[in-house]
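Below: the structure, in structure tokens.
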Amino acid sequence: MNKAIIVGICLILFSCSSIPVGTMLKLSSLDGDSFLKLKPKELRTKIQIDKPMEIDVTKTKLSLELETSKGNIIFNFPLNVVYVKDILPEENWLTAIPERSEYELSLSEEAIKNFKNLQVKMKAEQPKRFSFNVDTDVENNPMNQEAITLSIFVRFSENSDYITLFDRASVKIEDND
């Protein structure tokens, strides 16, 4: 009985998180060997952002941070737009999700070449740890909003599903002027 209560409490706590538990489990199984087997042409990311906001695709990139014996190294990989589409508002009995834009992005040709070179280097020096980030900027802020709501997904191969990195997370907009 106590185990059921603890599991129930954990489920409630995790369901309130912007990072799903399934994502944590999938990403924890991605090790150095899995990374070396990735095909950069198949890497994709999706970003969903509530309208009327738009992302600045020219400032959107996939970054990879490696922890090596020589310290932390960050690599940035520019992204190209595969498509942009509008998603209609959704309503269910718990929440209403407003209209949003979805951007699917892939690595640029230069980024694919650099990613392959990085994989070759990683074979020589095994990193202790690595992490992926998707960085973007807001292009259009017509109402001078202080925060945006977005979701970010990543797919590592053509035959796999997208993994949710952030689901409907509220992010504060910082001025970079």
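The values are calculated or read from the model by the stated rules, or taken from the named source; none is laboratory data. Since the structure is predicted, the reported quantities are computational estimates derived from the model, not experimental observations. We place every Cβ from the backbone using ideal geometry, glycine too, and count neighbours over all the protein chains shown. The accessibility values were calculated without ligands, DNA or RNA, using every heavy atom of the protein model including side chains. Shrake-Rupley method; radii C 1.70, N 1.55, O 1.52, S 1.80 Å.
A protection proxy built from the mean count of other Cβ atoms within 10 Å ranks the segments 50-61, 163-174, most packed first, as 50-61, 163-174.
Here region 93-177 is described by how far its Cα atoms reach on the three principal axes: 49, 39, 27 Å, from widest to narrowest.
For the cross-link pairs LYS59/LYS116; LYS85/LYS121; LYS37/LYS59, the ones whose C-alpha atoms lie over 29 Å apart are LYS85/LYS121.
Quick check for you: which residues of region 32-74 have the amide N under 17 Å from the point 7 Å beyond the Cα of LYS85 toward its beta carbon? Only 44-51 pass the distance filter.
Normalised per residue, the accessible area of region 74-169 is 62 Å², obtained with a 1.4 Å probe and no contribution from ligands, DNA or RNA.
Calculation over all alpha carbon pairs of region 56-123 in 5 angstrom steps from 0 returns a P(r) of 4, 13, 18, 16, 12, 11, 9, 8, 6, 3, 0 percent.
Provide Rg over Rh for region 127-177; use the alpha carbon set for both Rg and the Kirkwood Rh (inverse mean inverse pair distance). Taking Rh as the inverse mean 1/r over Cα pairs, Rg/Rh reads 1.07. Couplings 3J(HN,Hα) for region 77-83, derived from phi with the Karplus relation 6.51 cos²θ - 1.76 cosθ + 1.60 (θ = phi - 60°), are 10, x, 10, 10, 6, 8, 7 Hz, where x marks Gly and Pro.
Fully extending the segment from SER170 to ARG129, taken as 0.36 nm per residue of separation minus the present Cα-Cα distance, adds 12.0 nm. The listed residues LYS123, LYS116, LYS70, once ranked by accessible area (1.4 Å probe) with the largest placed first, stand as LYS70, LYS123, LYS116.
Projected label points at GLU109 and SER69, each 7 Å from Cα along the beta carbon direction, are separated by 3.8 nanometres.
Taking all Cα pairs closer than 8 Å and separated by 6 or more residues, the relative contact order of region 104-177 comes to 23 percent. Estimated at 0.36 nm per residue, the fully extended path between THR58 and LYS37 surpasses their Cα-Cα distance by 4.8 nm.
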